[in-house]
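Written below as structure tokens is the structure these notes are about.
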2 protein chains.
Amino acid sequence: MDMPDWVASVDPCDADCPSRDLLDLIGDRWSLLIMLVIGQGFHRNGEIRRRVGGISQKMLTQTLRALEANGLVARHDFATVPPHVEYRLTPLGVSLGHAVGPMFQWIEASYPAVLRARAAYAARQAQAA
Amino acid sequence: MDMPDWVASVDPCDADCPSRDLLDLIGDRWSLLIMLVIGQGFHRNGEIRRRVGGISQKMLTQTLRALEANGLVARHDFATVPPHVEYRLTPLGVSLGHAVGPMFQWIEASYPAVLRARAAYAARQAQAA
DNA sequence: CTGAATCCTAAGGGATACTG
DNA sequence: CAGTATCCCTTAGGATTCAG
């Protein structure tokens with residue numbers, strides 16, 4: 001079926017495979033969206049929260065901490081009052097941004113096909129019933 | 001920070017954005033791993049379950065159904081007894097495989113850097129305490 | 001062999017209120 | 001403004017059992 005070469009190098013048998021580890025990090029509901037928004041130029045807590053519709057303050061802080069702990073985002077606390085904190089992508093974070101580009105392009109390009117597949121599947125289910 | 005172009009086209013404000021929808025689908029713990037294993041040439045329920053370490057039968061079936069419903073995997077039931085069912089990637093699924101290739105390459109290439117960042121973060125935390 | 005059904009717990013994650 | 005802490009409910013998801 002003409003699969004890409006990279007499939008050979010990943011071993012999902014191994015629960016400690018880097019794929020599992022990092023997929024758990026960036027494959028959650030918020031991480032990539034937050035990195036995206038930071039990459040779009042929104043660097044402050046409130047800005048990010050308003051840009052990422054529906055996220056709670058709790059999840060925002062929690063996810064930012066995880067991204068920071070993994071070296072994808074850098075936190076700059078200006079130690080002023082009132083508080084001023086800025087988040088920036090690290091070079092590592094930017095490199096991830098580039099790596100997931102094709103995936104986002106696929107999403108945009110393939111969304112209609114997915115919707116069609118869903119409709120077809122639903123129709124098949126209805127017919128079977 | 002030299003972000004890729006695609007960041008401009010995604011709007012996380014919108015909870016109905018295709019990114020949210022499809023990230024929920026492929027951004028879970030199992031979907032990509034299962035597609036990967038199928039792409040590696042393991043097509044049957046039992047094969048896949050053994051290759052994807054730690055997955056339960058329930059999650060395997062559930063995830064395969066979701067992938068099928070979204071047109072990424074095709075299910076072929078040979079209607080024999082004992083049952084023989086094969087899962088294959090659809091062309092759409094293969095195209096997704098190519099789209100996530102760079103991400104997997106990034107994971108492999110950047111894992112050491114992430115581990116270093118984690119250690120540095122932990123050290124900083126310890127010092128602060 | 002494939003996989004549906006049930007049960008049950010552990011984690012995800014929202015709402016709210018409070019602090020520096 | 002940024003962030004913590006608490007409460008509480010919902011979901012994810014594993015273990016197990018049953019069926020075709």
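Side notes on the structure shown:
- As for region A:64-79, it holds at least one residue that is touching a strand residue (DSSP E or B) at 6+ places or on another chain (Cβ under 8 Å), more than 12 Å from chain B (Cβ to nearest Cβ), assigned to a helix (DSSP H, G or I) and not charged (D, E, K, R).
- Where helices (runs of 4 or more DSSP H) sit wholly within region B:1-54, those with at least 3 residues that are touching a Gly at 6+ places or on another chain (Cβ under 8 Å) occupy B:31-39.
- Residue match in region B:33-55 (condition: within 22 Å of A:Leu89 (Cβ to Cβ), more than 8 Å from every other protein chain (Cβ to nearest Cβ) and more than 12 Å from DNA strand C (Cβ to nearest atom)): no
- Here B:Arg88 meets each of (1) more than 9 Å from every other protein chain (Cβ to nearest Cβ); (2) more than 11 Å from DNA strand C (Cβ to nearest atom); (3) assigned to a strand (DSSP E or B) with one exception, condition (1).
- The single condition from (1) facing chain B (nearest Cβ under 9 Å); (2) more than 23 Å from B:Val114 (Cβ to Cβ); (3) out of contact with any helix residue (DSSP H, G or I) (no Cβ under 7 Å at 6 or more places or on another chain) that A:Asp24 fails is (2).
- Residue among B:Val81, B:Val85 that alone is without any contact (Cβ under 8 Å) to a residue 24 or more places away in the chain and of a type in the set (A, V, I, L, M): B:Val81
- Residues of region A:22-52 that are over 25 Å from B:Ser31 (Cα atoms) and of a type in the set (Gly, Ala, Ser): A:Gly39, A:Gly41, A:Gly46.
Any read-out appearing in this document is the output of simple, stated calculations on the displayed coordinates, not a laboratory observation. The model shown is predicted, which means the values in this text are computed figures rather than measured ones. No Cβ is skipped: glycine too gets one built from the backbone with ideal geometry, and neighbour counts run over all protein chains shown.
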